[in-house]
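K.L.:
Please find one structure pasted underneath; my questions will follow.
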Amino acid sequence: MQKQHDAVFIGIGLGTANGLGLEGGDKGGILDAIDFIADIRQTGDLSRIKLGRDVIIIGGGNTAIDAAVQAKKLGAGNVTLAYRRGADQMGATEFEVELARKCGVMVRLWSKPVAIQGADAVTGVTFEQTMLKGGKLVGTGETYDIPCDMLLKAIGQNLDTASLSGLDMDGGKLKISGDYQTSRPGVFAGGDCVHSGEDLTVQSVEDGKQAAVAVDAWLKNSKGA
Ligand SMILES: Cc1cc2nc3c(=O)[nH]c(=O)nc-3n(C[C@H](O)[C@H](O)[C@H](O)COP(=O)(O)OP(=O)(O)OC[C@H]3O[C@@H](n4cnc5c(N)ncnc54)[C@H](O)[C@@H]3O)c2cc1C
């Protein structure tokens, strides 16, 4: 029987941003924080970046911190980062949160967005204060408003599965074996699109290295015998 001699490595990261799940989430001035950061990284002219005067960032991870700090450094007036849980549950480290505060970012914890204000474009967000009750996050019923003309969503990213049909999944990511092989022989994967460790650059680099060794062994084996 003819042996298969080709191998493929998938390292497509997490390309889809989560939505807020609120009515009016598509109003003008509402963007994914990763798109905002991508624009900053790719532009040759920072003065062309679309920036609000009052910016709210929703989320508590690296992306949220990055977007908040960048917005402040680019010249936004009021920048508020709102996170629905406490500092201990944030994905961002204490160091990063402190850095954001030092840059002038207002960090509001235990605050979840419950309504988006504005007709065509966002003019503000209503937040409800939250707390832990029996280990579960609940709203307290107390609300407050923050005006804004730009809202950046940084509430997590998902694997875009559109081009991955036929491959087994594991908790929203590609399922791999110990040698980084997916459920289809000869198709390997690594980085953020698999569960190999934390979603960090260093882990993705390590995945690529380990997967390259596995691909090499797989190719030698499939050609040899
Ligand atoms: C704002 C932000 C800040 C971060 N800060 C840190 C940090 O400080 N330290 C740290 O270690 N990590 C940080 N991370 C995480 C780090 O960026 C990721 O863990 C790492 O980039 C994952 O590498 P990857 O190669 O798996 O995916 P990615 O770097 O996301 O690369 C995937 C590539 O695949 C391409 N692609 C997607 N779909 C397809 C397709 N269908 N066909 C072809 N190409 C496709 C994408 O365009 C992209 O170029 C941060 C992430 C974000 C979003």
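The values are calculated or read from the model by the stated rules, or taken from the named source; none is laboratory data. Please read all numbers here as calculations on a predicted model, not as lab measurements. Methodologically, a virtual Cβ is constructed for each residue, glycine included, from the backbone with ideal geometry; neighbour enumeration extends over all protein chains shown. SASA here: full protein model, heavy atoms, side chains in, ligands and nucleic acids out. Shrake-Rupley method; radii C 1.70, N 1.55, O 1.52, S 1.80 Å.
K.L.:
Rolling a 1.4 angstrom probe over the protein chains, ignoring ligands and nucleic acids, what is the accessible area of Leu51 in square angstrom, nearest 10?
P.N.:
60
K.L.:
Would you mind classifying region 86-154 by shape? Square roots of the alpha carbon gyration tensor eigenvalues, ordered a ≥ b ≥ c; an a/c under 1.5 is rounded, otherwise it is prolate if a/b is larger than b/c and oblate if not.
P.N.:
Cα axes put region 86-154 in the oblate bin.
K.L.:
Note down the accessible area of Arg101, probe 1.4 Å, to the nearest 10 Å².
P.N.:
100
K.L.:
Give the shape of the chain as rounded, prolate or oblate, defined through the alpha-carbon gyration tensor: a ≥ b ≥ c are the square roots of its eigenvalues, a/c under 1.5 means rounded, and otherwise the shape is prolate if a/b is larger than b/c and oblate if not.
P.N.:
prolate
K.L.:
So if I take the centroid of the Cα atoms in region 4-66 and the same for region 153-206, what is the distance between those two points in Å?
P.N.:
If we compute the Cα centre of each part, the gap is 20 Å.
K.L.:
With the other protein chains left in place, how much accessible area per residue, in square angstrom, belongs to the chain at a 1.4 angstrom probe?
P.N.:
On a per-residue basis, the chain sits at 56 Å².
K.L.:
At a 1.4 Å probe radius, carbon and sulfur cover how many percent of the accessible area of region 19-153?
P.N.:
That share works out to 46 percent.
K.L.:
If the cut-off is a Cα-Cα distance under 27 Å, which lysines reach Lys209, setting aside same-chain residues fewer than 8 apart in sequence?
P.N.:
By straight Cα distance, Lys209 reaches Lys3, Lys173, Lys175, Lys220, Lys223.
K.L.:
In nm, to one decimal, how far is the modelled label at Gln129 from the one at Asp39, with both set 7 Å along Cα→Cβ?
P.N.:
3.4
K.L.:
Over the chain, what is the relative contact order in whole percent, taking alpha-carbon pairs under 8 Å and six or more residues apart?
P.N.:
For the chain, the relative contact order is 26 percent.
K.L.:
While we're on this one: Using protein chains only and a probe of 1.4 angstrom, how many square angstrom of Ser204 are accessible, to the nearest 10?
P.N.:
It works out to around 40 Å².
K.L.:
Compute the angle between helix 62-74 and the longest alpha-carbon principal axis of the chain, please, reported from 0 to 90 degrees and rounded to the nearest 10.
P.N.:
Tilt of helix 62-74: around 50 degrees.
K.L.:
Then there is this: What shape does region 19-153 have by the C-alpha gyration tensor, where a ≥ b ≥ c are the square roots of the eigenvalues, rounded means a/c under 1.5, and otherwise prolate means a/b greater than b/c and oblate the rest?
P.N.:
oblate
K.L.:
Nothing charged except the Cβ atoms of Lys and Arg (+1) and of Asp and Glu (-1): what's the magnitude of the dipole of region 46-95 about its Cα centre? Round to the nearest 20 debye.
P.N.:
Result for region 46-95 is approximately 280 debye, rounded to the nearest 20.
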